[in-house]
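Undergrad: Pasting a structure here, questions to come.
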Amino acid sequence: MAKAPVRLNGHALKRHETMVAYLFMLPALVFFAGFVILPMGMGIVTSLFNYTMKNPVSAETFIGLKNYFDLFQDEKFIRAMWNTVILVVVTVPAVTLFSLWVSSAIYQMKEGLRSFFRCVFYLPVVTGTVAVVVVWRWMFDVYSGILNYALSSLGIIDKSIMWLGDKRFAIWCIILIMFTTYVGQPIVLYVAALGNVDQSLVEAAQVDGATDLQVFWQIKWPQVMPTTLYIVVITTINTFQCFSLIQLLTEGGPEGTTNTVMYYLYQNAFSLYKYGYANAMGVILAIIIAILSAIQFKVMSKDVSY
Amino acid sequence: MKKKKITPYKVISLIILIIVAFTFVFPFYWIITGAFKSQTVAISLPPQWFPTEPTMANFERLFKNPAWKWMANTVLIALGSMLLVCGTASLCGYALAKKRFYGQSIVFGLIVCAMALPKQVVLVPLVRMMANLRLRWMYYAIAVVAVVVLGMLIWSAVKNWYNLKELASPAKWKGRTVLTALLAAAVLAAIVWYLASLPGLIANTPEKTPMTNTLWAVILPTVGWPFGVFLMKQFSETIPNEILEAARIDGAGELNTFLTVVCPIIKPGFGALAIFTFINTWNDYFLQLIMLQSRENLTISLGISTLQAEFATNYGLMMAGAALGAVPIVTIFLIFQKFFTQGITMGAVKG
């Protein structure tokens, strides 16, 4: 039996929709508020306290911005921040360019071959960080590692190298592994974006005698720009959060050369139990990433019509 | 379409591509073969490219540690997160995409902002929070949700049996209406009673058991993360307004419209989100690390890293653990990779 049609004016209709919409969103919003917004607020507030395992949050332990001032005088933190910036500066361009190159090489292949390559480059992501790290640790091993064996039998090195224990190499080992686990998603995105490039423009340019390189830079590159920006931002965010590789491979060593902000935060919170200090670090990290994301949205909204 | 030319550049790039692809596959190959190598074989040089004398010793040793338990925990966490994420995110994403309501831009803005922030910065406060929450409360919450859902089902059944107007004016209540209401209340009370007395649920959980070190501590924050909402909003945008309008004119209720009209249309979205959440939860290491402690509550990732701390250079054993964690999830990925690819692309730009 059909309900009698109800005539509602604009406001009443919107009020009704508001009620319905919030009922629909209730479950998700409960989780979102309880496990994202609330801890976020708690993190910001407790970063103003000398909050440790022994000192709970109270009026006596309120220290204002002292945690933040301390951070900028903490040599270990500055070192960790510096290392993180190195990781970002090397990894982000490498991941972006490499994935763009791979995608432009594979996106015109036959469907089967294309998804084969896509899977290959996605494999390290799916395998999972821990499994990937464990196998790389073995390959980097001084005595039984395959890397030392391969390089010495090719005559490139004459003495086995302690890859992860050497100040010169440790961070590059981290970057290499990070690289293999970060390119999967950008490749999927680029393949999709390149497939959406307006083919008539490409053909028109080819008729006019443009070379492949010209077609790429003049036509395809501007059209995949939004994807590039997105990839740059997510890779930056991921690199800033780099933690498991460090924890499982080097624990920040040797001599702090691979310590990152995220790992230092973890140490402070869960080994030293300095919660307030760790939360201050988290807030700084969040601010940096928020600024980077804001820049992306700014740039994107300026010249993007997707 | 004209034939593609084969240029030297293309040949060279294909060769490089194959070499690079090989280095991406090699670690995976090394895990699988390494799992069947004994310790003496694993550290011998030159390395054995293929295990000529495969051994199961690594797996036997692995299962002396509670590796089955770890696997079970991982599956439970991944499945639980997947179901909860799909349920909550689809409802919320649909409302965000298709309803016009007060505060819409605020809710959506909050969700986008939270997505842009690093997940890890909320984790320290989250652990403190979980340590203060009690496992019992979780079971009470489940009971309440179950009652609400069942109540809604009973309500809609009642609504369809009787005209709603009859229920709204008590003067018109007849015997059968009151009877049905009483019956419904009794059924609900019985369910609550039953849930509360289930062994291992509320009755047997000590008052002070904290939420940390339980699987809930990993599942709940995963569900809170709003990526799923964003993805389902993207999928819901594709629903034609005319269909929703038609359903409304036919007198379908809101929930009914969602279940019978919206859900079938956004089925690919469910596929993408489910597989995405499953794989990400399976491989999420940091959250598990800070939430779970006791040996029998670990996940497979945590289990491997614990073993690594104990037997650092027993590479065969490590590879067996890695294989146990990686092979199921890679298989699942290969089966459902179409959904997965779609999920990644839909969740990206187009904002």
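Undergrad: Condition test on B:Val121, is it out of contact with any Phe, Trp or Tyr (no Cβ under 7 Å at 6 or more places or on another chain), modelled with pLDDT under 85 and surrounded by 19 or more Cβ atoms within 10 Å (Cβ to Cβ)?
TA: Taking the combined requirement at face value, the residue satisfies it.
Undergrad: Something else now. Regarding B:Ala97, is this residue in a helix (DSSP H, G or I) and closer than 28 Å to A:Ala278 by Cα?
TA: Answer is no for this residue.
Undergrad: Further, regarding this structure: For the range A:241-261, which positions are part of a helix (DSSP H, G or I) and in contact (Cβ under 8 Å) with a residue 24 or more places away in the chain?
TA: Hits for the range A:241-261 are A:Ser244, A:Leu245, A:Ile246, A:Leu248, A:Leu249, A:Val261.
Undergrad: While we're looking at this one, here's another question. Exactly one condition in (1) at pLDDT 80 or above; (2) more than 13 Å from every other protein chain (Cβ to nearest Cβ); (3) buried (at least 16 other Cβ atoms within 10 Å of the Cβ) is false for B:Leu135; which is it?
TA: (1)
Undergrad: Just to be sure I understand the filter: pairs with C-beta atoms under 8 Å, separated by 6 or more residues or on different chains, first member in the range B:86-105 and facing another protein chain (nearest Cβ under 7 Å) and free of Cβ contacts under 8 Å to residues at least 60 places away in the same chain, second member crowded, with 19+ Cβ neighbours inside 10 Å and of a type in the set (D, E, K, R). Which pairs pass?
TA: B:Lys99/A:Glu17; B:Arg100/A:Glu17; B:Phe101/A:Glu17
Undergrad: Further, regarding this structure: For the range B:54-71, check the following and say yes or no: at least one residue is more than 9 Å from chain A (Cβ to nearest Cβ), closer than 30 Å to B:Val145 by Cβ and crowded, with 18+ Cβ neighbours inside 10 Å.
TA: Yes, the range B:54-71 has at least one match.
Undergrad: Suppose we keep only residues that are buried (at least 21 other Cβ atoms within 10 Å of the Cβ) and more than 17 Å from B:Gln337 (Cβ to Cβ) within the range A:182-198. Which one would you say is nearest to the other protein chains (Cβ to nearest Cβ)?
TA: Among residues in the range A:182-198 that are buried (at least 21 other Cβ atoms within 10 Å of the Cβ) and more than 17 Å from B:Gln337 (Cβ to Cβ), the one nearest to the other protein chains (Cβ to nearest Cβ) is A:Ala193.
Undergrad: Would you please name the residue that is farthest from the chain's Cα centre (by Cα), looking only at residues in the range A:106-154 that are facing chain B (nearest Cβ under 9 Å), over 18 Å from B:Pro27 (Cβ atoms) and free of Cβ contacts under 8 Å to residues at least 12 places away in the same chain?
TA: Filtering the range A:106-154 for residues that are facing chain B (nearest Cβ under 9 Å), over 18 Å from B:Pro27 (Cβ atoms) and free of Cβ contacts under 8 Å to residues at least 12 places away in the same chain, the one farthest from the chain's Cα centre (by Cα) comes out as A:Ser153.
Undergrad: OK, next. For the range A:227-246, enumerate the residues that are closer than 24 Å to A:Val135 by Cα and at the interface with another protein chain (Cβ under 8 Å from one of its Cβ atoms).
TA: Once the filter is applied, which keeps residues that are closer than 24 Å to A:Val135 by Cα and at the interface with another protein chain (Cβ under 8 Å from one of its Cβ atoms), the range A:227-246 yields A:Phe240, A:Gln241, A:Phe243, A:Ser244.
Undergrad: Turning to a different aspect of this structure: Against the conditions (1) modelled with pLDDT under 80; (2) closer than 22 Å to B:Leu259 by Cα, where does B:Val148 fall short? Just the number, please.
TA: In the conditions (1) modelled with pLDDT under 80; (2) closer than 22 Å to B:Leu259 by Cα, B:Val148 misses (1) alone.
Undergrad: Taking the conditions exactly as written (in contact with a Ser or Thr (Cβ under 7 Å, 6 or more places away or on another chain), among the polar types (S, T, N, Q) and either under 28 Å from A:Leu176 (Cβ atoms) or buried (at least 18 other Cβ atoms within 10 Å of the Cβ) (or both)), does A:Thr257 satisfy them or not?
TA: It is false that A:Thr257 is in contact with a Ser or Thr (Cβ under 7 Å, 6 or more places away or on another chain), among the polar types (S, T, N, Q) and either under 28 Å from A:Leu176 (Cβ atoms) or buried (at least 18 other Cβ atoms within 10 Å of the Cβ) (or both).
Undergrad: I'd like to know if the range B:4-20 contains one or more residues that are under 23 Å from B:Val327 (Cα atoms), free of Cβ contacts under 8 Å to residues at least 24 places away in the same chain, crowded, with 17+ Cβ neighbours inside 10 Å and in contact with a helix residue (DSSP H, G or I) (Cβ under 6 Å, 6 or more places away or on another chain).
TA: No, that holds for no residue.
Undergrad: Does A:Arg79 satisfy being basic (Lys, Arg) and over 30 Å from B:Gln104 (Cα atoms)?
TA: Here the answer is yes, as A:Arg79 does meet what is asked.
Undergrad: Scanning for something over 27 Å from A:Val126 (Cα atoms), part of a loop (DSSP other than H, G, I, E, B) and in contact with a helix residue (DSSP H, G or I) (Cβ under 9 Å, 6 or more places away or on another chain), does the range B:252-261 turn up at least one residue?
TA: For the range B:252-261, residues over 27 Å from A:Val126 (Cα atoms), part of a loop (DSSP other than H, G, I, E, B) and in contact with a helix residue (DSSP H, G or I) (Cβ under 9 Å, 6 or more places away or on another chain): present.
Undergrad: Next question, about the same structure. In the set A:Met25, A:Met19, which member is assigned to a helix (DSSP H, G or I) and at pLDDT 90 or above?
TA: From the options A:Met25, A:Met19, the qualifying one is A:Met25.
Undergrad: Just to be sure before I move on: is A:Thr96 part of a helix (DSSP H, G or I), touching a residue at least 24 places away in the same chain (Cβ under 8 Å), more than 12 Å from chain B (Cβ to nearest Cβ) and among the polar types (S, T, N, Q) in the structure I sent?
TA: Spelling it out, A:Thr96 is indeed part of a helix (DSSP H, G or I), touching a residue at least 24 places away in the same chain (Cβ under 8 Å), more than 12 Å from chain B (Cβ to nearest Cβ) and among the polar types (S, T, N, Q).
Undergrad: Considering only residues of the range B:309-351 that are at the interface with chain A (Cβ under 10 Å from one of its Cβ atoms) and aromatic (Phe, Trp, Tyr), which is surrounded by the fewest Cβ atoms within 10 Å (Cβ to Cβ)?
TA: So, considering only residues that are at the interface with chain A (Cβ under 10 Å from one of its Cβ atoms) and aromatic (Phe, Trp, Tyr), the one surrounded by the fewest Cβ atoms within 10 Å (Cβ to Cβ) is B:Phe333.
The values are calculated or read from the model by the stated rules, or taken from the named source; none is laboratory data. All figures in this text were calculated on a predicted structure; none of them were measured in a lab. As a convention, Cβ positions derive from the backbone with ideal geometry for all residues, glycine included, and neighbour counts pool all protein chains shown.
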